[in-house]
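Chemist: The structure follows.
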Amino acid sequence: MSSSRRRTVRKSIFDPIHGIVAVEGAPLELIGHPAFQRLWGIRQTGFAHLVFPGANHTRLEHSLGAFWVTGKMGEHLGLSPREALTATVGGLLHDLGHGPFSHTLDPSSQEVLGFGHERISRAWITGETLEGITESPPGHSTAIPETLEKAGISPRRVADLVDPAPGHDAHPVLRAMLHGAIDADRIDYLQRDAHYTGVAHGTIDAARLLNTVMDRAGRLVFAEKGRNAVEGFLVGRALMYSSVYFHKTVRSAEVMAQSALERLPHFPEVPHAVFGMTDGEFLAYLTAASDRSADLVRRFRSRQLFKRALAWREIPAGFGSAARRLLQRPSDRRSMEDILADRLHLPPGTVLLDLAGLSTRTSGGDWAEVGLLGETRVTYPFRAPSVWRDLAMRPPTAVQVSVYVPPGQRAVAERRLDGLLRRVL
């Protein structure tokens, strides 16, 4: 076969959400890169499979889906071939930097590395070396930026789509395709996560969204006839967060995994390579690292998870600043956990605070900028008070502070934790 024939090889990948995903050229070569293949080992929804047994789909599947959605969106927007390829490659590579169990270790990554998964994705795309994380294994010499440059794509431009720099928006439409209120990333994961969890809330009218999206002065808007699809997307997104991503049992497993890492004797000086592991590699690392982390891994595998013993829907008056300090300073949170454990006569590390609800308070954010194009002008219906705006403004979880303890300690902890936490905050 000639080299010209090899360059036109086209593969068809069968996807349960979108049907046939056709891949050729640079995207096909990128799929074969070890950094992309590693995503087979990262569950898309973290520990959600412990609640929804079908949720074993991976970041690789989602990345292929985002690639497909971005391509369809680009076709409807009339992008040039170069812009379309840049956008679809961005969709394909946007999750390269995810650590084990997807978002589970995001707080730990910030504490140890000082940045999150988007920054790691950028490093893979631009060829920057992050010790222990963005190092290709022996035998694979072609770096991602070389593949992109060979196809005439700027690695820096793709990186700016995946990890946008503050105040820098040279390609607003392409950026909005991956970082908008309704973007390719969300259009795929809501459908995919709903399919695999069996939760119908994420079922959205993706076809209508893709057929009504338009570019107006560098902003993505939707034709008025797509209003129902836009509103349905809003509902689906809000309900999937409360029903799946912030389910109390899923959160229990996630804070246990964070604790298993951050309570290691050498934390936060753990190897940076931890954040480049697959799920299985991470559990194996924890099992070998300490007896306590090995016990938590055993609990994951036998589904003997910690139970929620306290749930504050609202922070008591006068405690807001103290609670936010614990969120901003993980070492202070761990100290507070140990104080509570001591007061409950439990070993250190067996009382776990979940403060995710404090970091997800929202005022509507990007939904206020969703535009609908009528006959003459673009309107922004979600800026005005309405049931849809209420949904957009609703936090992903109604609980701001949770406390988890081993199952056998929940009864005692439920009686005492509220008063204890109020006294020691």
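Laboratory data are not the source of any read-out in this text; all were calculated from the coordinates shown. Not measured: the values here are computed from a predicted model. Reconstructed Cβ throughout: ideal geometry from the backbone, glycine too, with neighbour counts over all protein chains shown.
Chemist: Does segment 12-198 classify as rounded, prolate or oblate by the C-alpha gyration tensor (a ≥ b ≥ c root eigenvalues; a/c under 1.5 gives rounded; else a/b over b/c gives prolate, otherwise oblate)?
Modeler: rounded
Chemist: Comparing VAL255, VAL351, VAL387, which has the greatest mean-square fluctuation in the GNM of the chain with Cα pairs linked when under 10 Å apart?
Modeler: Sorting by GNM fluctuation, first place goes to VAL387.
Chemist: Something else about it: Tell me the net charge near VAL69. Cut-off is 12 Å between Cβ atoms, VAL69 excluded, with +1 for each Lys or Arg and -1 for each Asp or Glu.
Modeler: Details: positive: LYS72, ARG186, ARG192; negative: ASP15, GLU75, ASP183, ASP185, ASP188.
Around VAL69, the charge tally is -2.
Chemist: If I stretch the segment between ARG303 and GLU369 completely, what's the gain in nm (0.36 nm per residue apart, minus their alpha carbon distance), one decimal?
Modeler: Details: separation 66, 0.36 × 66 = 23.76 nm, distance 4.18 nm.
Fully extending the segment from ARG303 to GLU369 adds 19.6 nm.
Chemist: What lysines does LYS72 reach when the alpha-carbon gap must be under 21 Å and sequence neighbours fewer than 8 apart in one chain are set aside?
Modeler: Leaving aside lysines fewer than 8 places away in the same chain, those within reach of LYS72 are LYS11, LYS225.
Chemist: In addition: When we measure straight from the Cα of LYS150, which aspartates and glutamates land under 17 angstrom away, once same-chain ones fewer than 8 places off are left out?
Modeler: Qualifying aspartates and glutamates at Cα under 17 Å: GLU24, GLU29, GLU83.
Chemist: Shifting gears a bit: GNM on the chain, C-alpha springs below 10 Å: top fluctuator among ARG186, ARG122, ARG324?
Modeler: Of ARG186, ARG122, ARG324, the most mobile in the Gaussian network model is ARG324.
Chemist: While we're looking at this one, here's another question. Just to confirm a number: summing +1 for Lys and Arg and -1 for Asp and Glu over residues other than ALA48 whose beta-carbon lies under 11 angstrom from that of ALA48, what do you get?
Modeler: On the way: positive: ARG43, ARG251; negative: ASP193, GLU254.
It works out to a net charge of 0.
Chemist: Something else: Straight distance only, please: which lysines reach the Cα of LYS248 with their own Cα at less than 16 Å, same-chain residues fewer than 8 apart left out?
Modeler: Output for LYS248: LYS307.
Chemist: Specify the residue with the greatest mean-square fluctuation among THR86, THR197, THR376, computed from a Gaussian network of the chain linking alpha-carbon atoms under 10 Å apart.
Modeler: THR376
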